[in-house]
Amino acid sequence: MTMQEKNYWLETVEAPRIPVGELPANVDVAVVGAGFTGLSAARTLEKGGAKVAVLEAENVGWGASCRNGGMVLSGLKLGTPALVARYGRDATKKMYAASLESIDCVEAIVREENIDCDFSRCGHLEVACKPKHFEDFRRGAETIEREFNHKLRIVEKNDLPREIGSPIYHGGIVDEISAGLNPARYVAGLGCAAGKAGAEIYEQMRVTGLERGAQNGISGWKVTTSRGTLQARDVLVATSGYTSGITKSLQKKIIPIGSFIIVTEVLPETLAHELSPRNRMIYDSKNYLYYYRLTPDHRMLFGGRAAFFPENENTVRESARILRDGMIEVYPQLRATKVEFVWGGTLDFAFDIMPHAGKMDGMYFSLGYAGHGVAMATLLGKKISESILTGRDENPFAGIPFPGAPLGMYNGTPWFLPFAGVWYKFLDLVS
Ligand SMILES: Cc1cc2nc3c(=O)[nH]c(=O)nc-3n(C[C@H](O)[C@H](O)[C@H](O)COP(=O)(O)OP(=O)(O)OC[C@H]3O[C@@H](n4cnc5c(N)ncnc54)[C@H](O)[C@@H]3O)c2cc1C
């Protein structure tokens with residue numbers, strides 16, 4: 001199959017018209033990156049009275065924010081037993097609560113700002129690839145209900161046809177509070193909301209240097225861009241998987257990992273209903289996982305970490321083939337269905353697979369969403385700007401350790417990705 005790279009979501013949205021303005025001499029906060037994190041932060045900062053410039057190397061939403069599956073999910077990438085073992089019960093409780101709050105946060109913004117992005121509380125379904133994974137679901141659901149007072153629904157294998165038209169899984173778990181949306185429309189709407197609040201957004205404006213420098217006795221940052229410089233009291237780095245050498249300390253802690261998506265032609269309504277009768281956001285229990293959903297116009301959107309390297313012509317082409325095979329394995333009914341779109345984007349994994357939002361080298365940052373960023377980036381963008389405004393850190397991820405690579409074996413070039421890919425495939429075989 002040869003397939004041109006094309007992002008389905010971008011076909012459904014008009015890019016926000018952002019006037020090309022001159023950079024101001026001074027701002028309170030320079031935000032680097034105009035995705036969910038940067039735009040959610042800019043909106044909150046402006047509402048709190050700060051003057052903000054959002055500096056984006058490409059266009060609003062160009063990064064992962066317009067390339068994702070649009071799944072607004074509860075929970076974190078790491079399961080609760082791992083979180084409790086690592087951080088203890090109380091800290092985990094706060095983190096889990098933040099994951100639930102993040103969905104409410106997206107919903108509130110969508111409503112307040114009237115963002116037309118097909119937001120719907122359709123729930124998510126995680127499907128078990130092995131009987132053991134289903135047993136883990138059962139134990140996880142018990143823990144979450146007991147410890148965090150949040151109810152998930154276990155779906156026995158026999159009941160699965162009510163949730164999914166695939167014969168290959170061993171059971172599932174549903175969280176009704178998760179949601180779905182159109183990410184390109186959502187990020188465009190967030191951009192408009194930040195602009196309406198007063199933030200100045202500068203597209204095609206790559207930040208090329210960040211240097212500490214006082215001006216008129218006030219400490220701050222000299223921010224150099226591809227089109228001039230400005231002085232900012234504070235800097236917020238919101239560059240996620242596209243973090244580069246201008247913030248070297250952060251770059252060394254974030255592994256950029258490719259994730260890829262295919263989208264089929266429009267399906268007949270009865271077939272779409274058979275594949276996903278409750279229109280859930282679905283993902284499976286593997287490390288090398290597949291995630292999939294119907295689009296509002298009834299196409300199958302099917303994604304996965306088909307290649308570990310970030311998007312380029314080769315990884316996108318190769319991923320189209322791998323994902324189509326994967327889709328047919330899950331849904332043999334789609335054997336003759338045409339794939340019309342394929343694209344890729346870059347995820348941001350920290351070495352501990354946790355989100356991190358705080359201050360490093362005097363700069364604020366929020367990243368490490370590990371494929372769970374639609375809701376969490378929106379929430380942490382808001383929370384980190386509240387700490388910039390108030391000086392208080394009130395997000396549960398601010399105080400946790402932020403580890404780098406073992407033995408310092410990573411300088412920002414992820415030489416180990418091919419090995420990581422093989423390792424995760426091996427884990428999927430044995431666990
Ligand atoms: C294929 C794919 C599928 C995904 N599916 C889901 C999903 O279904 N659900 C979910 O919750 N999460 C998902 N994610 C993850 C989610 O999309 C991200 O976590 C989220 O978009 C991160 O938002 P962000 O604003 O932090 O970063 P981004 O949206 O990546 O934005 C970072 C921006 O920084 C800019 N930038 C970088 N360097 C500079 C510089 N020097 N100067 C100026 N600008 C710069 C980039 O141009 C970019 O626009 C997926 C990701 C991918 C790639």
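The values are calculated or read from the model by the stated rules, or taken from the named source; none is laboratory data. Since we're looking at a predicted model, the values are computed, not measured. Neighbour counts are summed over all protein chains in view; Cβ atoms, including those assigned to glycine, are modelled from backbone coordinates with ideal geometry. Accessible surface is based on the protein model in full, side chains and every heavy atom, while ligands, DNA and RNA are left aside. Shrake-Rupley method; radii C 1.70, N 1.55, O 1.52, S 1.80 Å.
Looking at T315, T346, just one residue is open to solvent by less than 20 Å² (accessible area, probe 1.4 Å), free of Cβ contacts under 8 Å to residues at least 60 places away in the same chain and in contact with a Gly (Cβ under 8 Å, 6 or more places away or on another chain), and that residue is T315.
For the range 114-142, which positions are farther than 30 Å from E329 by Cβ and either among the aliphatic types (A, V, I, L, M) or surrounded by 17 or more Cβ atoms within 10 Å (Cβ to Cβ) (or both)? Result: I115, C117, F119. Sub-9 Å Cβ pairs linking a first residue in the range 97-108 that is over 18 Å from S65 (Cβ atoms) to a second residue that is part of a helix (DSSP H, G or I) and at pLDDT below 95, at least 6 apart or interchain, are A97/F148; L100/F148, ordered by first then second residue. Of C122, C129, all but one fail to be under 25 Å from P277 (Cβ atoms), in a loop (DSSP other than H, G, I, E, B), of a type in the set (A, V, I, L, M, F, W, C) and within 16 Å of the ligand (Cβ to nearest atom); the exception is C122. Scanning the range 62-113 for residues that are crowded, with 21+ Cβ neighbours inside 10 Å, under 20 Å from P296 (Cα atoms) and out of contact with any strand residue (DSSP E or B) (no Cβ under 6 Å at 6 or more places or on another chain) yields S65, C66, N68, V110.
Only one of these is part of a loop (DSSP other than H, G, I, E, B) and either open to solvent by 30 Å² or more (accessible area, probe 1.4 Å) or more than 11 Å from the ligand (Cβ to nearest atom) (or both): D297, D325. Name it.
Going through D297, D325 in turn, the sole match is D297.
Just checking, does the range 36-44 include any residue being modelled with pLDDT of 95 or more and surrounded by fewer than 24 Cβ atoms within 10 Å (Cβ to Cβ)? Checked the range 36-44: at least one residue is modelled with pLDDT of 95 or more and surrounded by fewer than 24 Cβ atoms within 10 Å (Cβ to Cβ).
Out of G69, G61, G75, report the one residue that is at pLDDT below 95 and either near the ligand (Cβ under 9 Å from one of its atoms) or within 17 Å of the chain's Cα centre (by Cα) (or both).
Within the list G69, G61, G75, the selection yields G75.
Considering (1) in a helix (DSSP H, G or I); (2) open to solvent by less than 10 Å² (accessible area, probe 1.4 Å), the lone condition that G189 does not fulfil carries the number (2).
The number of residues in the range 53-94 being over 23 Å from R43 (Cα atoms), part of a helix (DSSP H, G or I) and not aromatic (F, W, Y) comes to 13.
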